[in-house]
Ligand code: SF4
Ligand code: SF4
Ligand code: FES
């Protein structure tokens, strides 16, 4: 009986400015494979389906359990994590390409630093400098912890931005992940010392007003963050902040 194989087509690009091209591979099937393990098989024997020697595929991955957020790519037309994309559940040929809204570094590896710049712009952290000798921080009651926990599950994968119609150069929209982190840190008893600054950062161009509430982000989020609720709550808080600042002026 013929050996069972996996047909996969991968969009390749040797560098940021290089032209892209699709390359096909046929590799032996093994039980329990995901898209990352397919890429590892190719790396072990980099020969394409025409029998030509080629180079291993460049991609990002680390945890292999949908925690690090690094392996986001477009698989069969859907932005998702490659490590949790099981081959047996995918239609073949499996078509894999890099996220389309982020600069390609090489093959499937993209530069997602825009998300980290956005998180810096909204100060998505709890400021602790200089507080080490002030004793323990305020108590966070279990109800508050439970409310905040889902938002803390963000793995910075950028899938929500990839699928968002408003995330583009024209709007400069920060995207759902950044807004969700504003809600998380504004709800933290110590983190909310920066609440007003965070809301002001989302008040202008590229801020919450750009969201069209299409909710593609919610569908794409691999960690099921309550993004609609976060966007709606932060939009309300930004509006109140703008009104307060207007009256203070
Ligand atoms: S609701 Fe729509 S427009 Fe708003 S962040 Fe999500 S995908 Fe983008
Ligand atoms: S909100 Fe969801 S989709 Fe967006 S970066 Fe975080 S985990 Fe990924
Ligand atoms: S390798 Fe970490 S999320 Fe996929």
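The values are calculated or read from the model by the stated rules, or taken from the named source; none is laboratory data. Owing to the predicted nature of the structure, the values given are computational and were not obtained by experimental measurement. Every residue, glycine among them, receives a Cβ derived from its backbone with ideal geometry; neighbour counts consider all protein chains shown.
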Is it fair to say residue 195 is assigned to a helix (DSSP H, G or I) and either in the same structural domain as residue 124 (by TED's automatic domain parsing) or within 28 Å of residue 142 (Cβ to Cβ) (or both)?
-> yes
Answer with yes or no whether residue 63 is assigned to a loop (DSSP other than H, G, I, E, B), within 16 Å of ligand 3 (Cβ to nearest atom), closer than 21 Å to residue 154 by Cα and not assigned by TED's automatic domain parsing to the domain that holds residue 223.
-> yes
Here are some conditions: (1) in contact (Cβ under 8 Å) with a residue 60 or more places away in the chain; (2) within 13 Å of the chain's Cα centre (by Cα); (3) not in a helix (DSSP H, G or I). Residue 181 meets all but one. Which one does it not meet?
-> (3)
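Results for (1) more than 17 Å from residue 161 (Cβ to Cβ); (2) in contact with a helix residue (DSSP H, G or I) (Cβ under 6 Å, 6 or more places away or on another chain); (3) within 16 Å of ligand 1 (Cβ to nearest atom); (4) in contact (Cβ under 8 Å) with a residue 12 or more places away in the chain, shown as yes or no for each residue.
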site	(1), (2), (3), (4)
46	yes, no, no, no
49	yes, no, no, yes
54	yes, no, no, yes
61	yes, yes, no, yes
69	no, no, no, yes
76	yes, no, no, yes
81	no, no, no, yes
85	yes, yes, no, yes
94	yes, no, no, yes
Taking the stated definitions as given, is residue 246 within 30 Å of residue 66 (Cα to Cα), surrounded by fewer than 15 Cβ atoms within 10 Å (Cβ to Cβ) and either at pLDDT below 95 or over 21 Å from the mean Cα position of the chain (by Cα) (or both)?
-> no
Identify the single condition in (1) within 16 Å of ligand 2 (Cβ to nearest atom); (2) surrounded by 16 or more Cβ atoms within 10 Å (Cβ to Cβ) that residue 123 does not satisfy, given that it satisfies every other one.
-> (1)
Across segment 1-44, what is the number of residues that are outside any loop (DSSP other than H, G, I, E, B) and either over 19 Å from residue 104 (Cα atoms) or touching a helix residue (DSSP H, G or I) at 6+ places or on another chain (Cβ under 9 Å) (or both)?
-> 21
Determine which member of the set 106, 200 is touching a residue at least 24 places away in the same chain (Cβ under 8 Å) and in the same structural domain as residue 73 (by TED's automatic domain parsing).
-> 106
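Yes or no, residue by residue, for (1) surrounded by fewer than 18 Cβ atoms within 10 Å (Cβ to Cβ); (2) outside any helix (DSSP H, G or I); (3) within 11 Å of ligand 1 (Cβ to nearest atom):
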residue: 203; (1), (2), (3): yes, yes, no
residue: 206; (1), (2), (3): no, yes, no
residue: 209; (1), (2), (3): yes, no, yes
residue: 212; (1), (2), (3): yes, yes, yes
residue: 217; (1), (2), (3): no, no, yes
residue: 224; (1), (2), (3): yes, yes, no
residue: 228; (1), (2), (3): yes, no, yes
residue: 231; (1), (2), (3): no, no, yes
residue: 242; (1), (2), (3): yes, no, no
